[in-house]
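The structure appears below as structure tokens.
The values are calculated or read from the model by the stated rules, or taken from the named source; none is laboratory data. All figures in this text were calculated on a predicted structure; none of them were measured in a lab. Neighbour counts are summed over all protein chains in view; Cβ atoms, including those assigned to glycine, are modelled from backbone coordinates with ideal geometry.
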Amino acid sequence: MTTDPYLAQPHPGGPMSVEEYLHLDRNTPDAKYEYLDGVTYLMAGPSEAHDQISLNTVYAIREHFQSGPCFVSSSSMQVLVGAKSNGKDHYLHPDATVSCDVADRRRGNTIIRSPRLVVEVLSPSTEKVDRGKKLEAYKACPTIQEIVLIDQFMQAIEVYRHDEEDGAIWHRAFYGPGSTVELISIDVYISIDDIYKGIDFDEPLVDE
């Protein structure tokens, strides 16, 4: 059982520069790191339920992108969550990311630089970070229009939407059993049952 959302800090001397982080990330293919607020973290591996919900979400969104520039990627893709000119850049691995920028889908690309929608599947060990530092980093990214938080223990999904007229305002929508999750920024509507397909809530989850 992991008590921290990240297993270790690979740079014990203190904060790491972006260049140091990218060097570490490129030279450790067997590990996945995130760079948040100037610190590099080694990510813990997901549980089976976490992985299933993530895959369901990616597949459900992908079905809607038969044409057009938008595409969805999994957590294997690194995402540059850039802030405004006076802010910080973060390199994260959301459980699902949608971009509608053709530059992000060019062949051989390894970093999504213009995310429009990001998805995080919540876990007991990561929820504090996902709702705290990560959520604020996502909100500060000028290209992100929606942030989706998915609960593992019950059918409960939150969607944070960027206000079209006031960039400082985010609206929160909640979706429960029997509902259709509205992803307005990409004009996609998904049954909540499709996101939780294959998940048995009567079976105890193993903490991540």
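Structure summary
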quantity	calculated
Check on Glu164, in a loop (DSSP other than H, G, I, E, B), of a type in the set (Asp, Glu) and surrounded by fewer than 20 Cβ atoms within 10 Å (Cβ to Cβ)	yes
Number of positions in segment 90-102 that are assigned to a loop (DSSP other than H, G, I, E, B) and within 12 Å of the chain's Cα centre (by Cα)	3
All positions within segment 103-133 that are acidic (Asp, Glu) and either at pLDDT below 95 or in a helix (DSSP H, G or I) (or both)	Asp104, Glu127, Asp130
Qualifying residue in segment 74-89 (condition: under 17 Å from the mean Cα position of the chain (by Cα), in a strand (DSSP E or B), modelled with pLDDT under 90 and not aromatic (Phe, Trp, Tyr))	no
